[in-house]
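Colleague: Below you will find the structure I want to go over with you.
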Amino acid sequence: MLPHAAIDTTFSTPLLPSRTQISGSASPAWTRLLPGLVLSGVLAAGGMALGQVGWLQAHGLSALTLAIVLGMLVGNTLYPRWAVVANPGVNLSKQTLLRLGVVLYGLRLTTQDIGSVGLAGVLIDALVLGSTFALACFLGTRWLGLDRNTAMLIGIGSSICGAAAVMAAEPVVRARAEQVTVAVATVVVFGTLAIFVYPLLFQLNLHWQWIPGGSHGFGIYAGSTIHEVAQVVAAARSIDPAAADAAVIAKMVRVMMLAPVLIALSAWLARDAARRAPQVQQAKGPLTIPWFAFGFIAVVLFNSLHWLPAPAVELANTFDTALLAMAMAALGLSTHLGAIRRAGVKPLLLAGLLFGWLLAGGALINHAVSTLLG
């Protein structure tokens with residue numbers, strides 16, 4: 001049992017001011033938060049509006065991706081003049097609003113999704129996720145010499161659900177803004193490339209039959225290996241409806257694995273820190289418990305009961321997208337292009353190697369599991 005002082009819940013930023021802040025000083029507190037929240041909200045709205053543009057949708061550029069791009073544009077031009085005033089609200093957006101957004105992301109999933117792809121689909125997702133993340137950590141740190149945080153974030157983004165997974169992992173690994181942005185950028189590059197590659201692979205698979213199950217089987221392959229949800233939809237829809245349905249479900253099951261991965265990663269990082277420097281860990285390195293991951297699981301279980309009407313779920317999902325877009329915009333505002341340039345080509349090379357593994361290794365895993373359990 002860990003002592004109370006050694007536990008960091010990662011949800012410490014309050015959603016609302018404390019009661020003492022409200023009594024007599026509520027106005028100054030909200031005044032400090034408002035400029036940054038408004039700026040993040042405006043950029044998020046811009047990202048969501050652009051995300052509705054047909055050409056951008058067809059190329060898998062989601063509202064989250066576009067929000068961080070807008071944030072970076074403003075963050076590296078006009079924002080330095082406003083930073084002192086806007087920083088409190090921007091920090092709230094990329095911390096508390098992010099965690100709330102991850103929790104509400106559970107409304108997109110149900111436990112019934114697991115049954116739709118069967119044991120084979122769940123096993124494929126788990127093997128692709130585990131192997132990709134392990135490769136990222138090994139190749140990134142041992143071969144390319146990247147810092148561990150960057151390697152893990154690129155691995156999480158490639159293996160689970162792109163930018164949303166990177167953002168959810170940020171408080172667990174305690175990464176810097178530029179590390180998160182580099183990881184998100186790699187997801188955008190290779191996830192976008194996947195939109196064009198997978199339809200070609202489907203045509204080749206019609207002749208080779210390497211991945212069994214026709215359109216449904218290929219859809220599971222796409223859903224288990226493409227980075228972002230939006231990119232999965234864009235790629236699979238260009239194949240056929242059967243592939244699109246299977247791909248989205250397989251992807252949602254993969255997204256559902258985000259919470260246990262964050263919990264396991266948090267425990268592993270705490271144990272590793274204790275092993276490396278027990279005295280420092282005891283004094284300065286609290287165990288990071290991602291309570292928002294438990295909230296994510298609870299929302300998935302609640303959504304599986306189907307108690308909320310469909311319009312309410314749709315409205316909540318729109319609100320959730322807005323929260324995540326605000327977090328992404330705030331991250332972009334906090335990111336300096338100079339830091340990304342200093343990261344060099346190694347993060348992109350790691351992401352490229354992982355993309356190659358997702359294509360080839362993912363096909364191997366899909367073939368082996370489908371043959372074994374089919």
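Colleague: Could you check, for the range 325-334, whether at least one of its residues is in a helix (DSSP H, G or I) and loosely packed, with under 14 Cβ neighbours inside 10 Å? Working first, answer last.
Modeller: Keep residues of the range 325-334 that are in a helix (DSSP H, G or I), which gives 325-333.
Filter once more, so that each one left must be loosely packed, with under 14 Cβ neighbours inside 10 Å: none.
So far as the range 325-334 goes, no, none of its residues is in a helix (DSSP H, G or I) and loosely packed, with under 14 Cβ neighbours inside 10 Å.
Colleague: Determine, yes or no, whether Leu135 is farther than 14 Å from Leu262 by Cα and in contact (Cβ under 8 Å) with a residue 24 or more places away in the chain. Let's see the steps before the verdict.
Modeller: Details: farther than 14 Å from Leu262 by Cα: yes; in contact (Cβ under 8 Å) with a residue 24 or more places away in the chain: yes.
Answer is yes for this residue.
Colleague: When the residues of the range 110-132 are narrowed to those that are under 30 Å from Leu349 (Cα atoms), touching a Gly at 6+ places or on another chain (Cβ under 9 Å) and among the small types (Gly, Ala, Ser), which ends up surrounded by the most Cβ atoms within 10 Å (Cβ to Cβ)?
Modeller: The selected residue is Gly121.
Residues checked against (1) open to solvent by 20 Å² or more (accessible area, probe 1.4 Å); (2) over 14 Å from the mean Cα position of the chain (by Cα); (3) closer than 19 Å to Val172 by Cβ; (4) among the polar types (S, T, N, Q):
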| position | (1), (2), (3), (4) |
| --- | --- |
| Arg237 | yes, yes, no, no |
| Asp240 | yes, yes, no, no |
| Ala244 | no, yes, no, no |
| Ile249 | yes, yes, no, no |
| Arg254 | no, no, yes, no |
| Ala259 | no, no, yes, no |
| Ser266 | no, yes, yes, yes |
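Colleague: Among what's in the range 138-148 and is assigned to a helix (DSSP H, G or I) and hydrophobic (A, V, I, L, M, F, W, C), pick the residue that is least open to solvent (accessible area, probe 1.4 Å). Step through it out loud before you land on a result.
Modeller: Let us first name the residues in the range 138-148 that are assigned to a helix (DSSP H, G or I), namely 138-143, 148.
Filter once more, keeping what is hydrophobic (A, V, I, L, M, F, W, C): 138-139, 143.
Values: Phe138: 113, Leu139: 37, Trp143: 158 Å².
So, considering only residues that are assigned to a helix (DSSP H, G or I) and hydrophobic (A, V, I, L, M, F, W, C), the one least open to solvent (accessible area, probe 1.4 Å) is Leu139.
Colleague: Sticking with this structure for a sec: Could you list all residues from the range 196-217 that are open to solvent by 20 Å² or more (accessible area, probe 1.4 Å), assigned to a helix (DSSP H, G or I) and polar (S, T, N, Q)?
Modeller: Within the range 196-217, Gln203, Ser215 meet the criteria.
Colleague: Could you please find all residues in the range 295-314 being more than 24 Å from the chain's Cα centre (by Cα) and surrounded by 15 or more Cβ atoms within 10 Å (Cβ to Cβ)?
Modeller: none
Colleague: Regarding the range 100-109, can at least one residue be identified that is among the charged types (D, E, K, R) and open to solvent by 60 Å² or more (accessible area, probe 1.4 Å)?
Modeller: Initial filter on the range 100-109 (among the charged types (D, E, K, R)): 108.
Right, trim to open to solvent by 60 Å² or more (accessible area, probe 1.4 Å) and you get 108.
Yes, because at least one residue in the range 100-109 is among the charged types (D, E, K, R) and open to solvent by 60 Å² or more (accessible area, probe 1.4 Å).
Colleague: Then there's this: Does the range 187-195 contain at least one residue that is in contact with a Phe, Trp or Tyr (Cβ under 7 Å, 6 or more places away or on another chain) and open to solvent by less than 60 Å² (accessible area, probe 1.4 Å)?
Modeller: yes
Colleague: Out of curiosity, is Leu135 part of a helix (DSSP H, G or I) and open to solvent by 60 Å² or more (accessible area, probe 1.4 Å)?
Modeller: Numbers: part of a helix (DSSP H, G or I): yes; open to solvent by 60 Å² or more (accessible area, probe 1.4 Å): no.
No.
Colleague: Given the conditions (1) of a type in the set (A, V, I, L, M); (2) modelled with pLDDT of 80 or more; (3) more than 21 Å from the chain's Cα centre (by Cα), report the number of the one that Ala277 does not fulfil.
Modeller: Only one criterion is unmet by Ala277, namely (2).
Colleague: Consider the range 63-84. How many of its residues are over 20 Å from Thr186 (Cα atoms), open to solvent by less than 40 Å² (accessible area, probe 1.4 Å) and among the polar types (S, T, N, Q)? Let's see the steps before the verdict.
Modeller: Within the range 63-84, the first condition is being over 20 Å from Thr186 (Cα atoms), and the residues that meet it are 74, 77-84.
Among the residues that remain, those that are also open to solvent by less than 40 Å² (accessible area, probe 1.4 Å) are: 74, 79, 83.
Cutting the leftovers down to among the polar types (S, T, N, Q) gives us none.
So the answer is 0.
Colleague: State whether the residues of the range 48-62 include one that is part of a helix (DSSP H, G or I), modelled with pLDDT of 90 or more and either open to solvent by less than 20 Å² (accessible area, probe 1.4 Å) or of a type in the set (S, T, N, Q) (or both).
Modeller: In the first step, residues of the range 48-62 are kept if they are part of a helix (DSSP H, G or I); the result is 48-50, 54-58.
From what is left, the residues that are modelled with pLDDT of 90 or more are 48-50.
Those still in the list that are either open to solvent by less than 20 Å² (accessible area, probe 1.4 Å) or of a type in the set (S, T, N, Q) (or both) too: none.
No, there is no match, as no residue in the range 48-62 is part of a helix (DSSP H, G or I), modelled with pLDDT of 90 or more and either open to solvent by less than 20 Å² (accessible area, probe 1.4 Å) or of a type in the set (S, T, N, Q) (or both).
Colleague: Looking only at residues that are part of a helix (DSSP H, G or I) and polar (S, T, N, Q) in the range 218-239, which one is nearest to Leu359 (Cα to Cα)? Before the answer, list the steps.
Modeller: Filtering the range 218-239 for residues part of a helix (DSSP H, G or I) gives 218-225, 229-237.
Pick out the ones that are also polar (S, T, N, Q) and you get 224-225, 231.
Working: Ser224: 10, Thr225: 7, Gln231: 15 Å.
That would be Thr225.
Colleague: Got a sec? Which of Ala151, Ala164 is open to solvent by 10 Å² or more (accessible area, probe 1.4 Å), part of a helix (DSSP H, G or I) and within 19 Å of Leu358 (Cα to Cα)?
Modeller: Working: Ala151 fails: open to solvent by 10 Å² or more (accessible area, probe 1.4 Å).
Residue meeting the stated conditions: Ala164.
The values are calculated or read from the model by the stated rules, or taken from the named source; none is laboratory data. Source: prediction; values computed, not measured. All Cβ positions, even for glycine, are placed from backbone atoms using ideal geometry, and neighbour counts span all protein chains on display. The area values use the complete protein model at the heavy-atom level, side chains included, leaving out ligands, DNA and RNA. Shrake-Rupley method; radii C 1.70, N 1.55, O 1.52, S 1.80 Å.
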